[in-house]
Amino acid sequence: WTVYAYVTPGNARFLLLRDNSSESGVKEFFAGCHEYYLKTLLNPFYQQDTVITSPTFDAKVRQAARRHL
């Protein structure tokens, strides 16, 4: 298993655990997750410092994983 970490300028942390040691696509995956995270934070209906339970956010992250990993 390999653990990858990504820290945003706002100090949010994303972690990825993979059984494949290939690093291809990891950077693009994290960049996509960061973009979706920012869009969620900018949503006026999202309450800051709460768990993200949006099915749309979940679907977009899973789609990025299929595309890049």
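All but one of (1) open to solvent by 50 Å² or more (accessible area, probe 1.4 Å); (2) modelled with pLDDT of 95 or more; (3) not charged (D, E, K, R) hold for HIS34; state the number of the condition that does not hold.
(1)
Go through (1) part of a helix (DSSP H, G or I); (2) open to solvent by 70 Å² or more (accessible area, probe 1.4 Å) one by one and return the number of the condition ALA59 breaks.
Looking at each condition in turn, ALA59 falls short on (2).
Which numbered condition in (1) modelled with pLDDT of 95 or more; (2) among the β-branched types (Val, Ile, Thr); (3) open to solvent by 100 Å² or more (accessible area, probe 1.4 Å) is the only one that THR53 fails?
Checking THR53 against (1) modelled with pLDDT of 95 or more; (2) among the β-branched types (Val, Ile, Thr); (3) open to solvent by 100 Å² or more (accessible area, probe 1.4 Å), the one that fails is (1).
The values are calculated or read from the model by the stated rules, or taken from the named source; none is laboratory data. Remember, predicted model here, so these are calculated numbers, not experimental data. Ligands, DNA and RNA are stripped out before the accessible areas are found, and what is left, the full protein with its side chains, is counted by its heavy atoms. Shrake-Rupley method; radii C 1.70, N 1.55, O 1.52, S 1.80 Å.
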